[in-house]
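Trainee: There's a structure below that I have some questions on.
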Amino acid sequence: MEDQELQLKVRRVSDKFTESMYVLANEPSVALYRLQEHVRRSLPELVQHKTDMQSWEEQSQGAIYSVEYACSAVKSMTNSSLYFKNIDGLLRQAISMKEQISNSQGRSLHDVTPSRSPLVSAPHAPSTSS
């Protein structure tokens, strides 16, 4: 009988000891310590991810700016088709006028009697200056 009482007392003591250890292990200050340890271990990785994301954001903003600039350049080029058509018309008109001038000069050269070429000079009389 005394053996059973002793076992019961030992069981109560061990249960109270286990309960006390459980309370100590889950005390708020221990939880805060564990949280602090977790933050200290994971914070450098999070900071690295943040700087990587900021770098990617800057690169993507630069790419977006470049694409928007290229789009506006293409739009302005399509809007300038009127000017290109005008230039094309003026060039065609200039070519036509040049051909007309060339044709009229060609006809006037054929109508005029051939004369000496101005490049060939007439013989000079000896100069008598003393």
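The values are calculated or read from the model by the stated rules, or taken from the named source; none is laboratory data. Keep in mind it's a predicted model, so treat the numbers as computed, not measured. Just the protein is used for accessible areas: all its heavy atoms, side chains included, with ligands, DNA and RNA removed. Shrake-Rupley method; radii C 1.70, N 1.55, O 1.52, S 1.80 Å.
One line per residue, one yes/no per condition, for (1) in a helix (DSSP H, G or I); (2) open to solvent by 90 Å² or more (accessible area, probe 1.4 Å); (3) among the acidic types (Asp, Glu):
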residue	(1), (2), (3)
LYS16	yes, yes, no
SER20	yes, no, no
VAL47	yes, no, no
ASP52	yes, no, yes
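Trainee: What single numbered condition from (1) under 51 Å from the mean Cα position of the chain (by Cα); (2) open to solvent by less than 100 Å² (accessible area, probe 1.4 Å) fails to hold for ALA25?
Mentor: Looking at each condition in turn, ALA25 falls short on (1).
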